[in-house]
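Inspection log for the structure reproduced underneath, given as structure tokens.
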Amino acid sequence: MAFVFISGCKKEGTEYHYLSSEIKEWSVYQPGSYWIYKNEVTGLLDSSYIKSQPEVRFDWIQVTDRYAIAQEEIRYVVSGSFLQVLYIDQSGSWEQFYNQSGHNNYGLLWYIKGEGFHKTEKIQNFQINDTSYSNVLHSVYNVSTDTSFVESWIVKNVGVIKYLKRIGNIDTTWTLMRYHSVQ
């Protein structure tokens, strides 16, 4: 029976789709990385740190009995109140970076291979808590209605520098105070 299973999984042709280095530079961090955020509503500080090595796996799409497409995905766990499980995955030419918090996925970045970032605004200079950042990507992800959304501001090789979550009429905003990122 094991022989049939192994034989059945072997494909004559498998096309591997790897995530671009561009999306990885904006979204993949290693253990030792941490971020200290200030909750702008309560004034409390919150730390987020990488709890595990990024897990690289492939999502298999069966095309025929003997041919498949394997799309690279990366997942890692973060300890923090709003950043919890970060995923980078793809669908065709699209690559997505999102935060899984509870039972919800909140989009952070979208990248189209060969075209660049999509649904984002590039901000040349952006200041948070007396620190200036350049080349910031700002995106808005609609959760379910016009009144529920997530906005994120992300810097390459730094991470999320500002995160605003609105559910109904309740806003919560976290801003970066200090960080150490390992890629």
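List of remarks:
- Range of Cα positions in segment 75-183 per principal axis (Å), largest first: 38, 37, 27
- All-pairs Cα distance distribution in segment 113-155, expressed in whole percent, bin size 5 Å: 6, 18, 23, 21, 16, 12, 4, 0
- For segment 101-183, relative contact order (Cα pairs under 8 Å, six or more residues apart, normalised by length) works out to 20 percent.
- Paramagnetic reach from T14 (point 7 Å along Cα→Cβ, amide N under 13 Å) across segment 40-62: 57-62
- Stretching the chain fully between H118 and S21 yields a gain of 33.3 nm (0.36 nm per residue, less the alpha carbon separation).
- Backbone N under 20 Å from the N125 label point (7 Å along Cα→Cβ), restricted to segment 164-183: 176
- Value of relative contact order over the chain, rounded to a whole percent, pairs C-alpha under 8 Å and six or more apart: 20
- Over the chain: helical MRE at 222 nm, DSSP H runs n ≥ 4 each giving -39500 (n - 2.57), nearest 500: -2000 deg cm²/dmol
- Taking only the C-alpha atoms of the chain, Rg followed by Dmax gives 18.5, 64 Å.
All of the numbers you see were taken from the coordinates with simple rules; none came from a lab. The structure presented is a predicted model; accordingly, all values stated were derived computationally and were not measured. Cβ: placed from backbone, ideal geometry, glycine included. Neighbour counts: every protein chain shown.
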